[in-house]
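The values are calculated or read from the model by the stated rules, or taken from the named source; none is laboratory data. Note that the structure is predicted; figures quoted are calculated from it, not measured. Every residue, glycine among them, receives a Cβ derived from its backbone with ideal geometry; neighbour counts consider all protein chains shown. Heavy atoms of the whole protein, side chains included, go into the accessibility calculation; ligands, DNA and RNA do not. Shrake-Rupley method; radii C 1.70, N 1.55, O 1.52, S 1.80 Å.
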Amino acid sequence: METYIRFQTQLRCSDTGRPAGIFVAAGRVEDRTALPNATRDRLREVLTWFNRNLTVPKLDKADWRSLFWFRSDSQPVISRLWELAYLLEDESVFVSKVRTRQPGMIVYRDEHQVAAKPQRKKHALRV
């Protein structure tokens, strides 16, 4: 069974309230006016690599709340994600890595990533 990895932050997604993923967080950091030029340049360099090497899928409107997970065997992408994580952590945006074998209902898949609708948490029956 395949393992998937998600890099998420302590920041929250304004639409869902879930932890923001690494690319949402990178965009927020990049927008900071007080970001040191060296950090901004390195951040742009890393994000440019992702723009060239990672597909941004077009999701159906019904799938917009999907979470993106990276395939654990996609080492070039995982290595660059760690690089991005270290840049964010230098700007006080802490990144955690979550692993799963069940990311939810997969609505998109390519060689590096999947997009999956999260499964709803089952609540205990209250008596």
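Brief remarks follow.
- Where only DSSP H runs of four or more residues are counted, the chain gives -10500 deg cm²/dmol as its mean residue ellipticity at 222 nm, each run worth -39500 (n - 2.57).
- Scanning the chain for trypsin sites (Lys or Arg not before Pro) in DSSP loops with at most 10 neighbouring Cβ atoms within 10 Å leaves 1-57 as the longest stretch between them.
- Multiplying each eigenvalue of the alpha-carbon gyration tensor of the range 62-118 by 5 and taking the square root yields semi-axes of 22, 14, 10 Å, largest first, rounded to whole angstroms.
- Anchor residue 58: aspartates and glutamates whose Cα lies under 15 Å away (excluding residues fewer than 8 positions away in-chain): 110
- Accessible surface ranking for 5, 106, 1.4 angstrom probe, highest first: 106, 5.
- Solvent-accessible ranking of 14, 92, 72, largest area first, probe 1.4 Å: 14, 92, 72
- If you sort 1, 105 by accessible surface, 1.4 Å probe, largest first, the order is 1, 105.
- Spherically averaged projected area in nm², based on the convex hull that wraps the Cα atoms of the chain: 9.6 nm²
- The spacing between the range 51-97 and the range 12-47, judged by their C-alpha centroids, is 12 Å.
- Cα centre as origin, Lys/Arg/Asp/Glu Cβ charges: the chain dipole, Debye: 760 debye
- Hydrophobic long helices, here whole DSSP H runs in the chain with Kyte-Doolittle means of at least 0.0 and Cα atoms spread over 15 Å or more along the helix axis, are found at 75-90.
- Cα gyration tensor shape of the range 12-84, rounded if a/c is under 1.5, else prolate or oblate by comparing a/b with b/c: oblate
- Exposure rule at most 14 other beta-carbon atoms within 10 Å, DSSP loop GluC sites (Glu not before Pro): the chain longest free segment: 3-110
- The HN-Hα couplings worked out from phi for the range 99-112 by the Karplus form 6.51 cos²θ - 1.76 cosθ + 1.60 (θ = phi - 60°) are 10, 7, 10, 10, x, x, 7, 6, 10, 8, 8, 9, 5, 10 Hz, whole numbers, x standing for Gly and Pro.
- Between residue 90 and residue 56, the C-beta separation translates, for a Förster distance of 30 Å, into a calculated FRET efficiency of about 0.75.
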